[in-house]
Amino acid sequence: MAVSMTERAAEKARQMLQKRGTPDAAIRIGISTAGCSGLSYKLEYADQPQESDQQFESFGIRIVVDGKSLLVLDGTEVDFESSAFKSGFKFVNPRVKEQCGCGESFKV
Amino acid sequence: MDFLLDIAEPGQSAAPHSRRPQRVVGIDLGTTFSLVAAISSEGEPLCIADSEGKCSLPSVVHYGDRSTVLVGEAAQGKALSHPQQTISSVKRLMGRGLQELQSDSQQQATPWSLLDGEGGMVCIGLPERVVSPVEVSAEILKALKLRAEEALGGPLQGAVVTVPAYFDDAQRQATKDAARLAGLQVLRLVNEPTAAALAYGLDRFEAAAERQGLFAIYDLGGGTFDISILRLDQGVFQVLATGGNSRLGGDDFDQRLSREFFSLLGEETADPYRLQAFRQAARAAKEALTEAEEVTIALPRADGSQVPLSITRSRFATLIDDLLRSTGLVCRRAMKDAGVTPEQLQGVVLVGGSTRVPAVRRYVAQLFMQEPLSDLDPDQVVALGAAYQADLLAGNKESELLLLDVTPLSLGLETMGELVEKVIPRNTPIPTARAQEFTTFKDGQTAMAIHVLQGERELVSQCRSLARFELRGIPPMVAGAARIRVTFRVDADGLLTVSASEETTGMEQSVAVKPSYGLSDGQIEQMLRDALTHGVDDMRLRLLHEAKVEAERVLNALRAALQQDGDLLNESERQQVEASAGRLLQSLLSDNHEQINQQVSRMDKETTFFAQRRMDRGIKAAMQGHHIGEFA
């Protein structure tokens, strides 16, 4: 079981961690049970990993995931997208069966 | 659709569907071109281009067979082959009535027929159907909305749409209706010149102490001209004055050049294809003359052969000189309205593609005695400012900026004698609310007609009627005792609501003023000009009407008194009083307010004894049955 980040996403995360003044902190990805299609993603800074967390690393960035979320996120790759009017991190999750119209929440 | 996330602080991930920022845009719905802009990933306003990289969408809509609708360049391409199904410059028809358009000498002939539509609004007759200007504008807005939603990655939450400073209530309402029809939530309508000032960040202007300053926005587009004088105070904008001419722009430059070409060739034509070809050549020559001192253009002769013609920048400047001077006239008037001199202006902003013409820049520099600001693309400035404003209104950015606009014409009420009482004067910052008290004219009057008018003149017939309604249920009282409070409210979009209430009973009536059709800019111009030139005449008329109203009031009172207490007079006294009233009636036939006023005061003197006796009788009646001691 694993999650990962693309090089672009890791580079952006590194910039943001540096800007925040915590270059050594980890990034937490997870799920929460809300939204119009069941589940939605969480993306946060993680200063203190929890006991139940699993840790991964992509391109020098530490990623932490809690055990429950990992069941759903297994195989997920976090990418970063940027264009003139929108930019942000994108979850590419092979387990998603359907998502709501806006893509913000999903079902597995 | 992919959903994009930001990294949040621990435990602060937002609930789904509540994440900011809101997707909002600014839209410049122009006469010839329309644009849409939004705040980019870099945090700056940026125009959203189509798939070919073009930002400007021609404001042209083609209604094809089998109910297909084309917008923009695709529609423009049909203008020559299907002129009756291809609508351009629809902005000129927004919120206007058929009669009004037909009486407007500046209205150009259109290949499609104009019909009388719902609520007095004009409609456009196409071969297979009838469309309203609101529907046509909605097609343009839909195309921009679609483009924006693709670029921003989701449905729009709102839009700021710009309108010319001179748009009246009906035109603003029509613009709002078009946006709603296109599925856009209008956060606010903003005057185009005001949006331009925002794009230049004049609100963040640091050069002057305490962020204060005066600015002029000179906007010369394809078919319209607008000038605004803005004041920045403590970072807050206020529009001091606006002015304009909706029939002046770069298209007129093209026409002047095109006419010059025909006269150089010594010919004329009515062939639409050749006229179009000459117009296109004129436009190309105009654009080339921005860089070059002289250009040579190949023009088609009637026989199809090509002939080269040369034109210099200075000749072009001569051809448009009178057009520029007419903008100067409007600018000076706006400065006068604002009480501002050119020396006091901290900056002048150029807006509109036509301000690229060197002769225009030179003229503006001379007019305002300073070099105008022109760093931003003058075609995009309005849309960029609208996007900035939309971002603020959506709460995406914290700012103290408050945007104020003004009323283009005074708003008032009809009072006795067909006079107009101004409640909100011209150039009052909006939103605003003002109340004025009125009273009844006759004894026992139980209703009052409220007639809302727009304009600068003194008489009802010279102003434009916006709405009428009646306040009923006023308790019967003697004339002058009722207190009717009439409140005018103009919201942030410039739309007017009038309410009237009777203070003693709390009876209230109100009406949202949605005029059946709008005033043309030509009419507004004319009304303003008339107000200036007829100022003295108007005042004389006003005095005359006031004198007549007063005369009628005292005659009414005398008539009532004679009926009630006529027995107090002997026959000769009665004749004396009636003669006095007769002289006053006679004087009403003259158009001399002084004579009327003289007769009013003469009658007042001549009937004093009668009033005295009535008063005595009143006192006696009050004391009847009481002993004098009770009053001591």
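The values are calculated or read from the model by the stated rules, or taken from the named source; none is laboratory data. Everything quoted here is computed from the prediction, not taken from an experiment. We place every Cβ from the backbone using ideal geometry, glycine too, and count neighbours over all the protein chains shown. Ligands, DNA and RNA are stripped out before the accessible areas are found, and what is left, the full protein with its side chains, is counted by its heavy atoms. Shrake-Rupley method; radii C 1.70, N 1.55, O 1.52, S 1.80 Å.
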Can you name every residue in segment B:261-312 that is open to solvent by less than 30 Å² (accessible area, probe 1.4 Å) and basic (Lys, Arg)? B:274, B:286
Between a residue in segment B:453-466 that is closer than 21 Å to residue B:548 by Cβ and any residue that is in a helix (DSSP H, G or I) and of a type in the set (Phe, Trp, Tyr), which pairs come within a Cβ distance under 9 Å, given they are 6 or more apart or on different chains? none
When restricted to B:571, B:594, the only residue surrounded by fewer than 16 Cβ atoms within 10 Å (Cβ to Cβ), more than 27 Å from residue B:488 (Cβ to Cβ), modelled with pLDDT of 80 or more and within 39 Å of the chain's Cα centre (by Cα) is B:594
Filter segment B:70-85 for residues that are aliphatic (A, V, I, L, M) and surrounded by fewer than 17 Cβ atoms within 10 Å (Cβ to Cβ); which is farthest from residue B:143 (Cα to Cα)? B:80
When both residues are 6+ apart or on different chains and their Cβ atoms are under 7 Å apart, which pairs have a first residue that lies in segment B:280-307 and is without any contact (Cβ under 8 Å) to a residue 60 or more places away in the chain, and a second that is surrounded by 15 or more Cβ atoms within 10 Å (Cβ to Cβ) and aromatic (Phe, Trp, Tyr)? B:281/B:261; B:282/B:261; B:299/B:261; B:299/B:278
Name the strands (runs of 3 or more DSSP E) wholly inside segment B:409-467 in which the number of residues that are touching a Phe, Trp or Tyr at 6+ places or on another chain (Cβ under 9 Å) and surrounded by fewer than 16 Cβ atoms within 10 Å (Cβ to Cβ) is 2 or more. B:432-438
Determine which member of the set A:54, A:15, A:50 is out of contact with any Leu (no Cβ under 7 Å at 6 or more places or on another chain) and in contact (Cβ under 8 Å) with a residue 12 or more places away in the chain. A:50
Hey, can you tell me all the residues within segment B:160-189 that are in a helix (DSSP H, G or I), open to solvent by 30 Å² or more (accessible area, probe 1.4 Å) and either in contact with a strand residue (DSSP E or B) (Cβ under 9 Å, 6 or more places away or on another chain) or of a type in the set (D, E, K, R) (or both)? B:176, B:177, B:180
If you go through segment B:130-159 one residue at a time, how many are under 26 Å from the mean Cα position of the chain (by Cα) and in a strand (DSSP E or B)? 3
For the structure I just gave you, tell me whether residue A:43 is over 16 Å from residue A:89 (Cα atoms), open to solvent by less than 60 Å² (accessible area, probe 1.4 Å) and aliphatic (A, V, I, L, M). no
Of a type outside the set (Gly, Ala, Ser), modelled with pLDDT of 90 or more, open to solvent by 60 Å² or more (accessible area, probe 1.4 Å) and in contact with a strand residue (DSSP E or B) (Cβ under 7 Å, 6 or more places away or on another chain) - does that describe any residue in segment B:250-257? no
Tally time: how many residues in segment A:66-93 are within 14 Å of chain B (Cβ to nearest Cβ) and surrounded by 15 or more Cβ atoms within 10 Å (Cβ to Cβ)? 18
Only one of (1) open to solvent by less than 10 Å² (accessible area, probe 1.4 Å); (2) within 26 Å of residue B:62 (Cα to Cα) is not met by residue B:215, so which one is it? (2)
Is it the case that segment B:192-211 has a residue that's of a type in the set (S, T, N, Q), within 21 Å of residue B:395 (Cα to Cα) and at pLDDT below 85? yes
I want to confirm something. Restricting to segment B:127-142 and keeping residues that are open to solvent by 30 Å² or more (accessible area, probe 1.4 Å) and in contact (Cβ under 8 Å) with a residue 60 or more places away in the chain, which single residue is farthest from the other protein chains (Cβ to nearest Cβ)? B:128
